[in-house]
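**Student:** Got a structure for you, written out below as C-alpha cells; questions coming shortly.
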Amino acid sequence: MKIGFDIDGTLERFPALYSLVIKVLRVFGTQIFIITGRSRLDGIGLTNFQMQKWEIPSDHIFLREDYQNFLTPNDYTHNLDIQIGIAKARLCKKLGIALMIDDMEEVTNACKSEGVRYLKV
Ligand SMILES: [Mg+2]
C-alpha cells in the first residue's frame, strides 16, 4: 500500500507522532511518499534537513516541479493553491496512492475529483 503525506501544515505540525506512525507503517510494507507544494528551488535543502531531523523515512519525496507537468492549460487559474491541489491529486492517482494526508482543502477537493482517497488534517 502507498500513502502520501504533505509537509507544511501536516507533517510539520506533529513530526514526532508522524515519525512513529510512518516507521510502523513501513514495518508492515507500506510505501511512504512525501508530496509537498514546496519548490525544488528553495525547498529541497530544507525538506531533506527536516526529514532527517524529524526522523521521517520515505520512499520518495516529490516537490512541486516533479508533478506540475500534470497540469494542462485548462487548469491554470490565478490561485496557485488550486493548481498545486489538482497536480498533487493527479500525481497520487498516477502513483496509485491509497490515501493522501494533507491539510489543504484545495488538495483534498482535487483528490475527491480525481477519485483519490484522502484524509484532511
Ligand atoms: Mg500543506
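Derivation of every value follows stated rules applied to the coordinates shown; laboratory data play no part. As the structure is a computational prediction, the values presented were derived from the model and not from experiment. So basically every Cβ, Gly included, is an ideal-geometry build from the backbone, and we count neighbours across all protein chains shown.
**Student:** Quick one: how many lysine pairs does the chain have with C-alpha atoms less than 12 Å apart and a gap of 8 or more or different chains? Give me the count, please.
**Tutor:** 5
**Student:** Could you pull out which residues in the stretch 33-54 have an amide N less than 20 Å from a spot 7 Å beyond the Cα of Phe14, following the Cα-Cβ vector?
**Tutor:** 33-36, 51-54
**Student:** State the Cα centre-to-centre distance between the stretch 1-58 and the stretch 71-108 in whole Å.
**Tutor:** The stretch 1-58 and the stretch 71-108 have Cα centres spaced 18 Å from each other.
**Student:** Per 0.36 nm of contour for each residue apart, how much would the distance between Val121 and Ile44 grow if the chain were fully extended, relative to their Cα-Cα spacing? Kindly include the intermediate steps, with their values, before the conclusion.
**Tutor:** Values: separation 77, 0.36 × 77 = 27.72 nm, distance 2.33 nm.
Answer, rounded to one decimal: 25.4 nm.
**Student:** Taking the Cα centre of the chain as origin and charging only Cβ (+1 Lys, Arg; -1 Asp, Glu), how large is the dipole, in debye to the nearest 20?
**Tutor:** 420 debye
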